[in-house]
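The values are calculated or read from the model by the stated rules, or taken from the named source; none is laboratory data. Fair warning: this is a prediction, and the values are worked out from it, not measured in the lab. Ideal geometry is used to build each Cβ from the backbone, glycine not excepted, and the neighbour counts take in all protein chains shown.
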Amino acid sequence: MPFYLTNLNSYFFSILFYLLKNMILSDTRLKRTLYANITTLVDISSYRGLRHKYGLPLHGQRTRTNARTQRTLNLYKRLLNLNSKNN
């Protein structure tokens, strides 16, 4: 017999809902967790935190010629921060 959500009774449905709600990070909670982790790295001035702060690649990539995407993203982040501070 195949498994369908409609075949669940209310007890198993509530258990499944609880597990999905508390065990799996949703989009907002995931973004908040990642931001908190990066903020912690920046606050303790670790190597990775400083690379995040200056918008440079984190994992040892070459920066002399191949960090164009990261530098472009850093430019957009800086512009967004300046615009939000001015408003």
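Taken over the stretch 25-49, the criterion of being small (Gly, Ala, Ser) and under 17 Å from His59 (Cα atoms) is satisfied by Ser45, Ser46, Gly49. How about the stretch 77-86: which of its residues are at pLDDT below 70 and within 18 Å of Lys53 (Cβ to Cβ)? Residues satisfying the conditions are Leu82, Ser84, Lys85. Residues being surrounded by 10 or more Cβ atoms within 10 Å (Cβ to Cβ) and small (Gly, Ala, Ser): count how many of those fall in the stretch 37-53. The total comes to 2.
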